[in-house]
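Engineer: Please find one structure pasted underneath; my questions will follow.
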Amino acid sequence: MATSPASSSSYPALTYSDALTLASRGHALAAVDARLLLQHVTGATIAQIVSYPGRQLGPIDRMRFESLVARRAAGEPIAYLLGEREFYSRPFVVTPAVLIPRPETEGLVDAALARLPVDCMAGLVDLGTGSGCVGITLALERPQSRVLAIDASVDAIGVARRNATALQCANIDFVIGDWLQGIDGHRLAMIVGNPPYISADDAHLGQGDLRFEPRAALTPGDDALSAVREIILQAPAALAAGGWLILEHGHEQGPIVRQLLAGSGFTDVFSDRDLAGHERITGGRLPD
Ligand SMILES: C[S@@+](CC[C@H](N)C(=O)[O-])C[C@H]1O[C@@H](n2cnc3c(N)ncnc32)[C@H](O)[C@@H]1O
């Protein structure tokens, strides 16, 4: 990269090896984060970084690397710094406007796909789409279906649209909206959603990555289950007979979500556990 002599002398070149040492020893970054940031800045592969430790970063790359390392050391999520997170083996653009897709949410997709035939041509809804990771994955895995992805955040819908374009997903539409308001009468085969389910006074909101994620993506307010309750009340009017509603929720909320579904007339109510053994996904279907 071309630089002026003045900037070269204030920012002397740094080798890959020096850069990794600076990040891990100087800023206490995890080795994996240091390597990911170096790859991001230089465009080098892991193999190139390992094979050519003496290769130099130019002054501008050095500045960018140091800035990202400082931001990571201050707690900014690595996914926001890289601008990307993998979900269901596909890369999704993420910005601070959207929740960072979580591995547990892949369980929501698994639960949905297990109940949708491969040649499903039905209408599906993804509530609170965020980055679009759930809705786009369902649309790509069931290419004959039509997915409607809804979010209250204009900025999140912008990111989700970007992801749909980048992943060449054509069978999905995006709507800015408040859960299922205005969607009744659609006779959908399935509604899935990962709504906010953390109470506003939960101390976790002040910790780790959560500090940087959109608050509206994490908490619906003082009542952790208010969004879940609203969706369960609205869903029967939008679903076809036999249609499924499947929601992600907090690890202690399985029993109450099952109770709410049963109370709204859903049958075949189930809960799936995450890899840690916690109930995280609960769903049910309307009677035929
Ligand atoms: C937990 S995030 C889920 C994002 C994404 N589906 C995922 O799993 O990574 C919840 C999403 O619900 C959206 N949301 C919050 N309140 C909403 C509402 N009343 N109507 C629609 N979407 C809402 C937030 O903007 C956020 O994108």
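The values are calculated or read from the model by the stated rules, or taken from the named source; none is laboratory data. Model, not experiment: these values are computed from the prediction. Cβ placement follows ideal geometry from the backbone for every residue including glycine, while neighbour counts extend to all protein chains displayed.
Engineer: Do you know which of the residues in the range 97-124 that are within 16 Å of the ligand (Cβ to nearest atom) and surrounded by fewer than 15 Cβ atoms within 10 Å (Cβ to Cβ) is nearest to residue 218 (Cα to Cα)? Steps first, answer last, please.
Structural biologist: Going residue by residue through the range 97-124, those that are within 16 Å of the ligand (Cβ to nearest atom) are 97-113, 124.
Those left that are additionally surrounded by fewer than 15 Cβ atoms within 10 Å (Cβ to Cβ): 103, 110.
Working: 103: 16, 110: 22 Å.
Looking at the filtered set, the residue picked out is 103.
Engineer: Output the helices (runs of 4 or more DSSP H) that fall wholly within the range 1-68 and possess 2 or more residues being at pLDDT 90 or above, or say none.
Structural biologist: Values: elements: 5-10, 16-21, 31-42, 46-51.
Because the criterion is at least 2 residues that are at pLDDT 90 or above, the helices (runs of 4 or more DSSP H) in the range 1-68 that meet it are 16-21, 31-42, 46-51.
Engineer: Then there's this: Being in contact with a Pro (Cβ under 9 Å, 6 or more places away or on another chain) and either in contact (Cβ under 8 Å) with a residue 24 or more places away in the chain or buried (at least 16 other Cβ atoms within 10 Å of the Cβ) (or both) is the requirement here; does residue 260 meet it? Outline the logic, then answer.
Structural biologist: Details: in contact with a Pro (Cβ under 9 Å, 6 or more places away or on another chain): no; either in contact (Cβ under 8 Å) with a residue 24 or more places away in the chain or buried (at least 16 other Cβ atoms within 10 Å of the Cβ) (or both): yes.
Against the criterion (in contact with a Pro (Cβ under 9 Å, 6 or more places away or on another chain) and either in contact (Cβ under 8 Å) with a residue 24 or more places away in the chain or buried (at least 16 other Cβ atoms within 10 Å of the Cβ) (or both)), residue 260 does not qualify.
Engineer: Does residue 239 meet the test of being assigned by TED's automatic domain parsing to the domain that holds residue 157 and buried (at least 21 other Cβ atoms within 10 Å of the Cβ)?
Structural biologist: On the way: assigned by TED's automatic domain parsing to the domain that holds residue 157: yes; buried (at least 21 other Cβ atoms within 10 Å of the Cβ): yes.
Yes; evaluated as a whole, the condition is true for this residue.
Engineer: Related question: Would you confirm whether any residue within the range 172-179 is surrounded by 14 or more Cβ atoms within 10 Å (Cβ to Cβ), among the aromatic types (Phe, Trp, Tyr), over 16 Å from the mean Cα position of the chain (by Cα) and within 10 Å of the ligand (Cβ to nearest atom)?
Structural biologist: Checked against the condition, which is being surrounded by 14 or more Cβ atoms within 10 Å (Cβ to Cβ), among the aromatic types (Phe, Trp, Tyr), over 16 Å from the mean Cα position of the chain (by Cα) and within 10 Å of the ligand (Cβ to nearest atom), the range 172-179 yields at least one hit.
Engineer: I need the helices (runs of 4 or more DSSP H) fully contained in the range 188-278, keeping only those with at least 3 residues that are more than 12 Å from the ligand (Cβ to nearest atom).
Structural biologist: On the way: elements: 215-218, 226-238, 254-263.
Filter on the range 188-278 gives 226-238, 254-263.
Engineer: Only one residue in 220, 195, 214 is within 22 Å of residue 100 (Cβ to Cβ) and in contact with a strand residue (DSSP E or B) (Cβ under 7 Å, 6 or more places away or on another chain), so which one is that? Lay out the reasoning, then the answer.
Structural biologist: Values: 220 fails: in contact with a strand residue (DSSP E or B) (Cβ under 7 Å, 6 or more places away or on another chain); 214 fails: in contact with a strand residue (DSSP E or B) (Cβ under 7 Å, 6 or more places away or on another chain).
195 is the lone residue from the list that is within 22 Å of residue 100 (Cβ to Cβ) and in contact with a strand residue (DSSP E or B) (Cβ under 7 Å, 6 or more places away or on another chain).
Engineer: Now, a different point. Residues in the range 69-96 that are within 22 Å of residue 205 (Cβ to Cβ) and near the ligand (Cβ under 10 Å from one of its atoms): how many? Can you show your working first?
Structural biologist: Let us first name the residues in the range 69-96 that are within 22 Å of residue 205 (Cβ to Cβ), namely 71-81, 85, 94-96.
Cutting the leftovers down to near the ligand (Cβ under 10 Å from one of its atoms) gives us 85, 94.
Going through the range 69-96 one residue at a time, the tally reaches 2.
Engineer: Just give me the residues in the range 145-166 being in contact with a strand residue (DSSP E or B) (Cβ under 6 Å, 6 or more places away or on another chain), away from the ligand (no atom under 11 Å from the Cβ) and over 22 Å from residue 247 (Cβ atoms), in sequence order.
Structural biologist: 161, 162, 164
Per-residue answers, yes or no, for (1) touching a residue at least 40 places away in the same chain (Cβ under 8 Å); (2) within 15 Å of the chain's Cα centre (by Cα):
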residue: 113; (1), (2): no, no
residue: 118; (1), (2): no, no
residue: 124; (1), (2): yes, no
residue: 139; (1), (2): no, no
residue: 149; (1), (2): no, yes
